[in-house]
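Read-outs: derived from the displayed coordinates by stated rules, not from any lab. Source: prediction; values computed, not measured. No Cβ is skipped: glycine too gets one built from the backbone with ideal geometry, and neighbour counts run over all protein chains shown.
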Amino acid sequence: MTHHTDQDRAWTLIDDIGLCMLVTHDGSSDELRSRPMSAHAARDEDAIYFLTDARNHKDDEVEINDNVCLTFADNGGYRFVSVTGTANMLDDRRKIGELWSIAARAFWESKDDPNIRVLRVRPAMAEFWDSPGKIVTTVKMAAAAISGSKPNLGDNRKVVL
């Protein structure tokens, strides 16, 4: 796949990996909480969307402190992305319909469940690590250990989204 810019590359990695840990402030103090979430990247809308449940208190946390972090990890491919941005909750039935999938049925019986909300994250910054894959990375690390040099393990960039 051809990447035109580092921004393109970050968005492609977000879309390809798909699952992330969403990190929020717990709302009552400065403690951080994270949970796995299925991300829906929408670069043309400058947003990453999630389906969530109004009964799970993420909306309370985001209302008190809207700064969030998303961490995407493809361990097998040695590809990682960390995204920081701001979040808000939407009760947008049209968007829920767009994001609805068979996987969402594990949490709700239908897209019409009144407890479903959309969590929208507006990304500000991203940092990605994109390696050539596990086998190549392992070989490069072994060669560097033998030769005493530092291995080139792929690209690491910080980008404004």
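Averaged over residues, the count of other Cβ atoms within 10 Å places the peptides 86-97, 50-61 in the sequence 50-61, 86-97, highest first. Seen from residue 81, the other residues with C-beta closer than 14 Å to its C-beta sum to a net charge of -3, counting Lys and Arg as +1 and Asp and Glu as -1.
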